[in-house]
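What follows is a set of notes on a single structure, which appears directly below.
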Amino acid sequence: MKQTAKQKWASLCKDPVSLLIRLAVCLAALITVLTIIFIIAYILIKGIPYLSPDLFKWKYTSDNVSMMPALINTLLITVISLLFAVPAGIGSAVYLTEYAGRGNKLVELVRITTETLSGIPSIVYGLFGSLFFVKACGFGLSLLSGSLTLAIMILPLIMRTTEEALRAVPDNYREGSFGLGAGKLRTVFRIVLPSAIPGIVSGVILGIGRIIGESAALIFTAGTVAEAAKGLFSSARTLAVHMYAISGEGLYINQTYATAVILLAVVILINSLSELISEKLGGKNKNG
């Protein structure tokens, strides 16, 4: 039978340790929520009054401090980075989960490597991208160099989240598919991957958030030119780099907050669209 609120409270009072743990957990959740609300409210209050049409003009000048070129570059670099990272990350996770045998030393090595790469500071990725893509490969400070650097940066994240999503799919799904005569490849692509889509999309969303908010790595690889990229080999700045550049000058602090509002809106919009796609695909797979 279900316990009433009074019965639950009485049982907690009898065990002070459980009561303290529960209070600590509730306090931690409350602090987290209040912190997020404070940050969002602070950005909106400081930035919304300074949103103006000049900030959305196509060409950047020192008078309008337009963020439009940076916004376009942010979307471009996000799409290009995902085109490199998502197929590689999902493919690697499928191999580690579905094809590599259990106890395989290579699998353990790859997992240790991805966990190590996840903890490396972004500035290290930026230095690597500067030495390898910018100089060794001859791409220069460009959209391509920045995208490849960010693709390597988010690859471990997508691999790990996809691997966990695939491992969460019940083995009964695989056994049922094999029992109906489907092969390994068909089972993976028609049964396992569709069932793991919500988890995979969650990893992609986290990757998008890291791409949009990255600045240190892009300064060394994509550059800080305040123009919309004309091609893959054009130097360009993203919104995060744009905020860093104009705030460092000390003359456009108000415009920096306004840019932060747009950056926040872009992140929320992309996350909402990703969640919507995940729900649509998940519902389609359940109905199918």
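The values are calculated or read from the model by the stated rules, or taken from the named source; none is laboratory data. These figures come from a predicted structure and were not determined experimentally. Counting neighbours? That spans all protein chains shown, and the Cβs are built from the backbone with ideal geometry, glycine included. The protein model used for the area step is the full one, side chains on, heavy atoms only, and it has no ligands, DNA or RNA in it. Shrake-Rupley method; radii C 1.70, N 1.55, O 1.52, S 1.80 Å.
What are the membrane-span-like helices in the chain by this rule: whole DSSP H runs, Cα extent along the axis at least 15 Å, mean Kyte-Doolittle hydropathy at least 0.5?
In the chain, the long hydrophobic H runs are 16-47, 68-94, 143-167, 197-213, 239-249, 253-287.
Where does region 48-192 land on the Kirkwood hydrodynamic radius, alpha-carbon pairs, in angstrom?
Result for region 48-192, one decimal place: 18.4 Å.
Using a 1.4 Å probe and counting only protein heavy atoms, arrange Leu264, Leu180, Leu141, Leu55 so the residue with the most accessible area comes first.
Descending accessible area places them as Leu180, Leu141, Leu264, Leu55.
In whole Å, how far is the Cα centre of region 47-86 from that of region 179-217?
28
Roughly how many debye, to the nearest 20, is the charge dipole of the chain about its Cα centre, given +1 on each Lys and Arg Cβ, -1 on each Asp and Glu Cβ, and no other charges?
Once rounded to the nearest 20, the dipole reads 800 debye.
Would you please name the trypsin sites (Lys or Arg not before Pro) within region 143-234 that are DSSP coil residues with at most 16 other C-beta atoms within 10 Å of their C-beta?
Hits after loop and neighbour filter: Lys230.
Compute the distance in nm between two label points, each set 7 Å from the Cα along the Cα-to-Cβ direction, one at Ala265 and one at Arg22.
Taking the simple label geometry, Ala265 and Arg22 are separated by 4.4 nm.
How much of the accessible area of region 141-288, in percent, comes from carbon and sulfur atoms when a 1.4 Å probe is used?
The C+S portion of the solvent-accessible surface of region 141-288 is 62 percent.
Restricting attention to region 25-85, which trypsin sites (Lys or Arg not before Pro) occupy a DSSP loop and are surrounded by at most 11 other Cβ atoms within 10 Å?
Lys59
Given a 1.4 Å probe and heavy atoms of the protein chains only, how would you sort Tyr252, Tyr173, largest accessible area at the top?
Tyr173, Tyr252
I want to check the label-to-label distance for Lys46 and Leu180. Put each point 7 Å from Cα in the C-beta direction and report it in nm to one decimal.
Simple spin-label model gives 5.5 nm for this pair.
How about region 99-129: which trypsin sites (Lys or Arg not before Pro) there are in a DSSP loop, with at most 13 other Cβ atoms within 10 Å of their Cβ?
Arg102
What residue among Ile197, Ala245, Gly231 has its Cα farthest toward the positive end of the dipole of region 186-277, where the charges are +1 on Lys, Arg and -1 on Asp, Glu, each on the Cβ?
Working it through, the farthest residue towards the positive pole turns out to be Ile197.
From the helices alone, meaning DSSP H stretches of at least four residues, give me the mean residue ellipticity at 222 nm for the chain, per-run term -39500 (n - 2.57), in deg cm²/dmol to the nearest 500.
Value at 222 nm, helices only: -23000 deg cm²/dmol.
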